[in-house]
1. What do you reckon, is Leu122 of a type in the set (A, V, I, L, M), without any contact (Cβ under 8 Å) to a residue 40 or more places away in the chain and closer than 19 Å to Phe92 by Cβ?
2. Going by the structure shown, is Asp72 modelled with pLDDT of 95 or more, touching a strand residue (DSSP E or B) at 6+ places or on another chain (Cβ under 6 Å) and not hydrophobic (A, V, I, L, M, F, W, C)?
3. List the strands (runs of 3 or more DSSP E) that sit entirely inside segment 1-79 and contain at least 3 residues that are touching a residue at least 40 places away in the same chain (Cβ under 8 Å) and under 17 Å from the mean Cα position of the chain (by Cα).
4. Could you grab me the full set of residues in segment 173-196 that are among the basic types (Lys, Arg) and crowded, with 17+ Cβ neighbours inside 10 Å?
5. Please work out which residue is farthest from the chain's Cα centre (by Cα), limiting yourself to segment 121-143 and to residues that are closer than 30 Å to Arg6 by Cα and at pLDDT 95 or above.
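The values are calculated or read from the model by the stated rules, or taken from the named source; none is laboratory data. The shown structure was predicted, so the numbers you read here are calculated from the model rather than taken from an experiment. Here Cβ is always computed from backbone atoms with ideal geometry, including for glycine, and neighbour counts include all displayed protein chains.
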Amino acid sequence: MRAMKRIVILISGRGSNMEAIVRAARQERWPADIAAIISNRPDASGLAFASAHGIPTAVVSNKEYPTREAFDDALQAVIDRFSPDLVVLAGFLRILTGSFVEYYAGRIINIHPSLLPSFPGLATHRQALAAGVKVHGATVHFVTADLDHGPIVAQAAVPVLADDTEEILSARVLAQEHLIYPSAIRWFVEGKLSVDNGRVHIATATQ
């Protein structure tokens, strides 16, 4: 019998991607346990969702630490209490230090609302509209020390329409995020992902 993978999810707000992951994991009966939901904000509404679904929660407030390094050290200590096989960033609004990312190398994953390497950083939908691109989307990737870079696991594209606003485009992209992020995490927990020279390979049933 395949060993259950333990997943810790980090959020800063509602955590709609976290909700999609939790629902998919339970409905599809992944060989995984959502071990904890951790937020850097005590008022993150996603914590209530986690508690309502019987998932342990924790808060590590970045406001209580004088430096990024001190915060990341405290966060790492809390994460490790849950012995995760995978750390999932789901709207976690903190730039993590290189040492933190290196500690979890190969087992920390993020979703970014653009087709990386285009439009890293913030305000991705505004960037896309300003650039006049015809296609936008979202990217699931392994996290590295380079912000919004790292081996790409999955992407989803959406059209950019003439009358799009940031809000309309964001909603269209978010709907795709809720599909590709759970799928990518399921591949991880089923042992289907491998990385070679910065490229992610996904094992198929015939391999």
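1. yes
2. Details: modelled with pLDDT of 95 or more: yes; touching a strand residue (DSSP E or B) at 6+ places or on another chain (Cβ under 6 Å): no; not hydrophobic (A, V, I, L, M, F, W, C): yes.
No: the conditions fail for Asp72.
3. On the way: elements: 5-11, 32-39, 57-59.
Because the criterion is at least 3 residues that are touching a residue at least 40 places away in the same chain (Cβ under 8 Å) and under 17 Å from the mean Cα position of the chain (by Cα), the strands (runs of 3 or more DSSP E) in segment 1-79 that meet it are 5-11, 32-39.
4. Applying the first criterion (among the basic types (Lys, Arg)) to segment 173-196 yields 186, 192.
The answer is Arg186, and nothing else.
5. Applying the first criterion (closer than 30 Å to Arg6 by Cα) to segment 121-143 yields 121-122, 137-143.
Filter again for at pLDDT 95 or above, leaving 137-143.
Values: Gly137: 15, Ala138: 11, Thr139: 10, Val140: 7, His141: 8, Phe142: 9, Val143: 9 Å.
Of everything passing the filter in segment 121-143, Gly137 is farthest from the chain's Cα centre (by Cα).
A quick yes/no check of all residues on (1) closer than 19 Å to Ser16 by Cα; (2) assigned to a loop (DSSP other than H, G, I, E, B); (3) among the aliphatic types (A, V, I, L, M):
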residue	(1), (2), (3)
Arg172	yes, no, no
Glu177	yes, no, no
Ile180	yes, no, yes
Trp187	no, no, no
